[in-house]
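The values are calculated or read from the model by the stated rules, or taken from the named source; none is laboratory data. Nothing here was measured: the structure is a model prediction, and the numbers come from that model. All Cβ positions, even for glycine, are placed from backbone atoms using ideal geometry, and neighbour counts span all protein chains on display. Protein only, heavy atoms only, side chains kept; ligands, DNA and RNA dropped before computing areas. Shrake-Rupley method; radii C 1.70, N 1.55, O 1.52, S 1.80 Å.
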Amino acid sequence: MRILVVGAGAVGGYFGGRLLEAARDVTFLVRPSRAARLAETGLAIRSEHGDYDRPSPPTITTDAIGEPFDVVLVSCKSYDLEGAIGDFAPAVGPETVVVPLLNGLRHLDVLDARFGADRVLGGLCLISSKIDDDGRIAHLSDVHRLAFGARVPSQTNRVEAIARAFAGSKFESRASDDVMLEMWEKWVFLATLAGITCLMRASIGDVAAAGGADLADALLDECRSIAEANGRTPRASALESGRARLTAPDSPLTASMLNDLERGGRTEADHVLGDLLHRRPDPPAFDRSLLRVAYTALKAQEIRAERMARSCRPPA
């Protein structure tokens, strides 16, 4: 099975690297500058599950794609999806399946419109990783989980083939019986985590220490209610696990969106918080929703950062 991993960053580089480590046929789709960098320094993973170094990993640029791949694994940020689609579209043939690992659900509509729903699986990953100062992929926790599953019955055989190809790699991979429910469960947790840590500009432990654990709990319940209204009620086990992590004293946990916010970069506010807000049934006329407050705070900071960036630009 020929696998194309779109990008070689903290997420795609980690899972693609682990597949390479297991001797799978993996190629990274990257920009020419990233290809040159990887050829020079190699791909390096640092993790408590074992380090991995691969000199000159297989890479390709969009102009060099000559034939379709069997699987395209997409792990870019949601706001980069449109550009990424243009890059990997030549790799999608009649038998190709796309496995997106993006946050939220909006990306499914975009991918379905371009390639057809029969070629787009459901997918999600749970991992905390980053590119460190030396250009290595630093895995920051003990969790490295990737799940995927069929959205239509015709995809079942391909899901089983991917499960066989991913088996034996140094990450937890699983074919899901209800991948859409799992995507909703992750979305509910992530929206709560991003909303509360970005709103407070603090870790979960700091919020709890300040007496705000009940606010995280209330936001989780609000996000859960939206999922329920859309026919995807999270399981009790997922909610209990999420609530424990979101209210844990002394926890250093933050959303990666907070890092993006603090460095003045783009965030996935529209895709993680805004789209969830959009799916609420009949919001009240006087809306005091915590989710809305968190989303508005994020958008206000984005607007402020853009205004400051414009003021620093030299005149044309």
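Here are the numbers for this structure:
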| item | result |
| --- | --- |
| 1.4 Å probe accessible area per residue over the range 201-284, in Å² | 51 |
| Extended-chain gain in nm, criterion 0.36 nm per residue less alpha-carbon gap, S225 and V143 | 26.8 nm |
| Relative contact order of the range 141-282, pairs being alpha-carbon contacts under 8 Å that are 6 or more residues apart, as % | 25 |
| Among 49-55, 175-181, 26-32, the order from most to least packed when residues are scored by Cβ within 10 Å on average | 26-32, 175-181, 49-55 |
| Computed FRET value (nearest 0.05) for I131 with T61, which takes r as the C-beta separation and R₀ as 25 Å | 0.80 |
| Within straight-line cross-link reach of K130, aspartates and glutamates at Cα separation under 13 Å, skipping those fewer than 8 residues along the same chain | D260 |
| Helix 290-312 vs. the chain, principal-axis angle (Cα, 0 to 90°, nearest 10) | 70 |
| Average Cα contact separation per residue, the range 197-265, under 8 Å, 6 or more apart, as relative contact order % | 54 |
| Distant-in-sequence amide H partners of G122 (H built 1.01 Å from N, under 5 Å) | G149, R151 |
| Computed magnitude of the charge dipole of the chain (debye, nearest 20; Cβ of K, R +1, Cβ of D, E -1) | 480 |
| From phi via Karplus (6.51, -1.76, 1.60), per-residue ³J(HN,Hα) for the range 225-240 in Hz, x at Gly/Pro | 5, 5, 4, 4, 5, 9, x, 10, 5, x, 5, 4, 5, 5, 5, 5 |
| Projected label distance in nm at T156 and R235, using a 7 Å step from Cα toward the beta-carbon | 2.0 |
| Relative contact order of the chain, pairs being alpha-carbon contacts under 8 Å that are 6 or more residues apart, as % | 14 |
| Segment R24-A218, extension gain: residue separation times 0.36 nm, minus the distance between their alpha carbons | 65.4 nm |
| Projected label distance in nm at A244 and A209, using a 7 Å step from Cα toward the beta-carbon | 2.3 |
| Sulfur and carbon atoms: percent of accessible area, the chain [1.4 Å] | 49 |
| Note, ³J(HN,Hα) from phi for the range 256-268, Karplus 6.51, -1.76, 1.60, rounded to Hz, x at Gly and Pro | 4, 4, 5, 4, 4, 5, 5, 8, x, x, 5, 10, 9 |
| Packing rank of 91-100, 195-204, 230-239, 246-255, where each peptide gets the mean count of other beta carbons within 10 Å, highest leading | 195-204, 91-100, 246-255, 230-239 |
| Cβ-Cβ FRET estimate between D282 and D109, R0 fixed at 22 Å, reported to 0.05 | 0.50 |
| Beta bridges per DSSP with both ends in the chain, % antiparallel, nearest 5 | 35 |
